[in-house]
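For reference, the structure discussed in these notes is given below.
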Number of protein chains: 2
Amino acid sequence: MKRAAPRRAPTESDVAELAGVSQSAVSRAFTPGASVAETTRMRILDAAQTLGYQPNLMARSLATSRSNIVALAISYLENPFYAQVVNALSDRLRATGRHILLFTSPPGEDADPALERVLSYQVDAIVMTATTASLELALQCQKSGVPIVQINRDSTLPGISTVRGENRRAGERIAAFLYAGGHRRYAFVGGAPDSTTGRARGAAFAGYLDARGAPPVVMTHGHYTFDGAAQAVRGMLSGPDRPDAIFCASDYMAFAAIGVARREFGLDVPGDISIVGFDDVPEAGRTAYDLTTYSQPASALVEEAIKIIDLLIEDPTRRAMRREVRGQLLVRGTARVPKDGIVVENDERVWRGAEAE
Amino acid sequence: MKRAAPRRAPTESDVAELAGVSQSAVSRAFTPGASVAETTRMRILDAAQTLGYQPNLMARSLATSRSNIVALAISYLENPFYAQVVNALSDRLRATGRHILLFTSPPGEDADPALERVLSYQVDAIVMTATTASLELALQCQKSGVPIVQINRDSTLPGISTVRGENRRAGERIAAFLYAGGHRRYAFVGGAPDSTTGRARGAAFAGYLDARGAPPVVMTHGHYTFDGAAQAVRGMLSGPDRPDAIFCASDYMAFAAIGVARREFGLDVPGDISIVGFDDVPEAGRTAYDLTTYSQPASALVEEAIKIIDLLIEDPTRRAMRREVRGQLLVRGTARVPKDGIVVENDERVWRGAEAE
DNA sequence: ACAGCTATTGCATGCGCATGCAAAACCGAT
DNA sequence: ATCGGTTTTGCATGCGCATGCAATAGCTGT
């Protein structure tokens with residue numbers, strides 16, 4: 001088999017020559033809305049076709065100073081919730097011809113230091129999820145007009161937009177739900193100590209229960225990892241006076257919690273202990289897991305994030321935005337169910353008790 | 001708060017002016033190994049620093065026709081194994097200053113059609129995992145000298161390199177393991193019908209058992225999805241003559257299988273039924289799951305893939321390569337254990353029985 | 001001090017595409 | 001056939017950086 005020497009890719013000039021027009025005509029043929037006669041346009045497209053021409057996006061980006069690339073900074077990819085976020089984001093961006101430049105960072109660390117140089121890639125926007133921007137990055141982006149949106153993380157930095165689930169409300173409603181279920185001792189497995197998101201959930205959870213005179217809530221950190229959550233749960237179940245209701249700040253940690261409770265301690269869930277998660281990842285709804293959880297729809301978060309990005313790209317002087325996406329408490333099989341307040345909606349059992357509060 | 005109008009980013013010329021040198025000097029200052037006096041280099045770096053200069057990678061890429069971007073085409077991101085692959089790849093690439101341009105495709109579909117235009121981005125290489133390249137893409141890449149490596153998928157297409165776990169051997173060893181464990185009726189939950197990888201595992205599995213006169217192996221497809229696997233297992237457990245040993249072509253599907261067996265059918269795993277997975281994702285090793293599985297180390301796969309890429313980039317005329325990464329049968333708690341052949345290695349129980357075969 | 005080198009610099013150009021501007025082609029109406 | 005107006009084209013230039021080549025500066029030995 002003959003191996004063709006790697007050839008230079010055809011350029012607009014090549015196409016132009018073949019089609020008997022100028023390079024700029026070719027450029028226009030590929031620019032939506034540009035002024036080209038339909039007939040020559042066809043001729044050019046034909047020529048491009050036979051040459052196998054593909055526009056060089058680097059060159060285009062250099063000329064237009066827009067890349068159609070969005071940077072995605074992410075951590076905790078092993079958490080299926082974030083896998084969902086990536087999928088959703090990728091899908092929605094593809095719909096507008098954009099793509100994702102991926103920056104991962106190991107759990108626990110701050111955003112990938114390489115992210116500091118993300119602007120070198122002339123990205124149109126930056127989406128961060130499960131990580132937060134550094135001040136320096138925020139300033140750089142502000143200066144150069146590149147929007148940053150954080151999904152599922154708050155920020156006090158200037159110029160950073162955020163989209164998140166309703167953390168406070170979720171914490172309270174889960175507390176109310178478990179309280180109504182008549183539990184006696186409550187625990188919370190949070191994420192990273194410095195995750196605003198997780199903290200908000202925990203604070204609201206404990207706040208509700210404290211206000212009702214429940215015994216102090218056991219607050220722990222699972223660091224959003226499987227092992228971290230397992231460890232935390234192992235700890236609280238080993239001691240005396242073990243909790244009979246645990247709220248985990250993510251489904252992923254709840255899975256670990258359930259596994260530890262069942263397989264290491266031989267507990268019945270939800271007979272001996274109730275466990276509630278947060279996110280409603282797809283697995284959570286399957287009978288294999290059947291996790292009671294508070295939903296935070298990834299696709300809705302992503303949708304909002306993209307809306308924000310597009311507004312900000314259109315008018316970079318606009319202020320940063322904050323959005324909250326609603327969720328609800330999905331009643332399934334890992335937590336004891338209160339007598340009242342269960343409503344069926346779209347085939348899912350939802351808790352509506354104590355809604356007024 | 002005053003909002004600075006989005007400013008043009010500083011360029012090499014700006015730095016040059018400030019440092020009192022020519023633009024090319026600045027360029028050289030940022031090019032490793034270029035000829036610049038150390039003192040002026042410092043002066044330039046200083047100037048760059050104060051200006052907040054960052055090289056424009058699009059321009060650099062245009063000039064050098066190399067982008068330091070690797071395209072990653074992926075599917076089934078919800079499978080934690082692939083999350084691992086992404087993480088590993090991202091880490092290893094970052095070590096050499098490269099980044100990932102992400103192309104996802106929905107489960108079941110072929111690679112993202114947008115991938116056909118991936119060459120527009122002047123990527124240095126393409127990594128595909130859980131998907132396979134189209135012929136057209138393969139030819140395009142061959143023509144333009146862009147290496148393609150598929151992780152965990154075989155290919156018969158020209159110019160495509162592959163890296164995979166030892167599918168055949170795994171299938172046989174798992175069969176031998178379960179056979180030695182004295183099971184009576186075997187089943188296989190494969191992936192997508194057209195996944196060469198999954199087929200190889202299943203064929204080797206069934207082949208081994210057939211050769212020993214075991215009853216015909218129940219062959220099903222889980223399509224590599226959680227629901228697909230659950231469905232398949234549900235089917236085989238509902239019928240008469242239910243299997244007492246299931247090999248799932250991925251851990252992710254094994255989790256679904258275990259859930260269905262335990263929670264829908266009230267079966268004891270491994271008392272009533274043995275379930276073995278494939279991949280050894282991190283969760284599999286945790287007591288919460290404790291899955292018996294055959295390992296396929298994501299980091300090793302990625303490492304090989306990158307080696308191949310680098311060789312191919314260095315010399316694009318080189319032939320496509322195929323690599324197989326070894327794994328082993330990790331004996332944990334979801335399958336009945338044969339009397340003999342268990343060896344402890346690095347804190348893991350490994351099966352070494354019938355090794356000769 | 002000067003020839004002979006070498007290490008540094010700057011100049012000029014090109015990478016592939018987009019786009020403002022002027023030239024050319026076209027069209028219908030007179 | 002001619003004119004005014006509208007499309008359609010091509011020309012020229014720039015985006016920011018890399019690099020071959022020639023010019024310059026710096027250095028060694030005599």
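The numbers here are math on the coordinates, done by the rules we state, and not lab data. These figures come from a predicted structure and were not determined experimentally. Glycine gets a Cβ as well: all are built from the backbone with ideal geometry, and neighbour counts include every protein chain shown.
How many partner chain Cβ atoms sit within 10 Å of a residue's Cβ in peptide B:46-52, on average, as a whole number? Could the numbers behind the result be given before it?
Details: counts 0, 0, 0, 0, 0, 0, 6.
Partner Cβ neighbours, averaged per residue: 1.
Quick one: angle between helix B:38-51 and the longest Cα principal axis of chain B, in degrees between 0 and 90, rounded to 10, please.
It works out to around 80 degrees.
Helix-only estimate, please: 222 nm mean residue ellipticity of chain B, summing -39500 (n - 2.57) across DSSP H runs of length 4 or more and dividing by its residues, to the nearest 500.
Working: 11 runs with 131 residues, N = 357.
Value at 222 nm, helices only, nearest 500: -11500 deg cm²/dmol.
Would you please classify the overall shape of the range A:162-204 from the alpha carbon gyration tensor, given that a ≥ b ≥ c denote the square roots of the eigenvalues, rounded means a/c under 1.5, and beyond that prolate means a/b larger than b/c while oblate covers the rest?
Note, shape of the range A:162-204 comes out oblate.
Figure the gain on full extension for A:E348 and A:E116 (residue separation times 0.36 nm, minus the Cα-Cα span) and round it to one decimal in nm. Intermediate results must be reported in sequence, preceding the final value.
Working: separation 232, 0.36 × 232 = 83.52 nm, distance 4.34 nm.
Stretched fully, the A:E348-A:E116 segment lengthens by 79.2 nm.
Mind giving me the FRET efficiency for B:R318 and A:L135? R0 is 60 Å, r the Cβ-Cβ distance, nearest 0.05 is fine. Write out the running numbers ahead of the final one.
Working: r = 46 Å, r/R0 = 0.77.
E(calc), rounded to 0.05, equals 0.85.
Give me the distance between the Cα centres of the range B:17-86 and the range B:218-287, rounded to whole Å.
48 Å
So if each residue of separation counts as 0.36 nm, and I subtract the Cα-Cα distance between B:R326 and B:E355, what length gain in nm does that give?
Working: separation 29, 0.36 × 29 = 10.44 nm, distance 1.40 nm.
Taking B:R326 through B:E355 to full extension adds about 9.0 nm, to one decimal.
Tell me the distances, shortest first, between A:S299 and the same position across the other copies, using label points 7 Å along Cα→Cβ, in nm to one decimal.
3.6
Tell me, what is the percent relative contact order of the range B:89-167, built from C-alpha pairs under 8 Å that lie six or more residues apart?
Averaging sequence separation for qualifying contacts and normalising by length gives 20 percent for the range B:89-167.
On C-alpha positions alone, give me the angle between the axis of helix A:226-238 and the longest principal axis of chain A, in degrees, nearest 10.
Helix A:226-238 sits roughly 0 degrees off the main axis of chain A.
What do you get for the angle between helix A:135-144 and the principal long axis of chain A? Use alpha-carbon atoms, 0 to 90 degrees, nearest ten.
Helix A:135-144 sits at roughly 30 degrees to that axis.
What is the sum of charges around B:N56, taking Lys and Arg as +1, Asp and Glu as -1, for the other residues whose C-beta is under 14 Å from the C-beta of B:N56?
+3
Report the relative contact order of chain B, percent, no decimals, based on alpha-carbon pairs under 8 angstrom and at least 6 residues apart.
14 percent
Measuring nothing but label to label, 7 Å from Cα along Cα→Cβ, what are A:A95's distances to the other copies in nm, shortest first?
Between copies, matching label points for A:A95 lie 3.9 nm apart.
Which residue fluctuates the most in chain A, going by a Gaussian network model with Cα springs under 10 Å, if the choices are A:D241, A:D154, A:D268?
Ranking A:D241, A:D154, A:D268 by mean-square fluctuation puts A:D241 first.
At what distance in nm do the modelled label points of A:D241 and A:A34 sit from each other, each positioned 7 Å from its Cα along Cα→Cβ?
Spacing of the two 7 Å Cα→Cβ label points: 7.4 nm.
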